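Q: Below: one structure in structure tokens.
Bear in mind that the values in this text are calculations on the coordinates, not laboratory data. Since this is a predicted model, take the numbers as computed values, not measurements. Every residue, glycine as well, gets a Cβ built from its backbone with ideal geometry; the counts of neighbours run over all protein chains shown.
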């Protein structure tokens, strides 16, 4: 990539960030975390370079930024989202001890679901719909991800 292309890409990204609504900014962070988790998992399987450690630190930074972005921690939904990101941080730290690429894949999968949720939220905002802020009541016949174990 030549210098002019890099500069143009940088300006486009900067403009996208400056003009993005909060939901889109959160989606961008989650998508970056998915990319970093994917790269970290692949590197743990095939490489042993300093960049691997940098990816792990970067992923932890992204998860912490997503956690700090949960502003309404007094609601049930806010607590659940906060707990999710605390769990993901702990899961990453535990995975670092043994370079468990499978655990990083699990983090990536959770983040992919989170990204899809925020994509839908952003699409609704573009369509002019108001987001539903009520906590959904799960169907008694469905089970979710057990974050306690």
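Q: Need one word for the range 21-74: rounded, prolate or oblate. Basis is the Cα gyration tensor (sqrt eigenvalues a ≥ b ≥ c); a/c below 1.5 gives rounded, then a/b vs b/c decides.
A: Prolate.
Q: Give me 86, 36, 113, 52 sorted ascending by neighbouring Cβ count inside 10 Å, so fewest comes first.
A: Fewest-to-most Cβ neighbours within 10 Å comes out as 113, 86, 52, 36.
Q: What ranking do 53, 122 get, fewest neighbouring Cβ atoms within 10 angstrom at the top?
A: 53, 122
Q: If neighbour count is taken as other Cβ atoms inside 10 Å, put 91, 46 in order from fewest to most.
A: Neighbour counts put them in this order, fewest first: 46, 91.
Q: Average the reciprocal distances over every distinct pair of alpha-carbons in the range 22-126, invert the result, and give the Kirkwood radius in Å.
A: Roughly 14.1 Å, rounded to one decimal.
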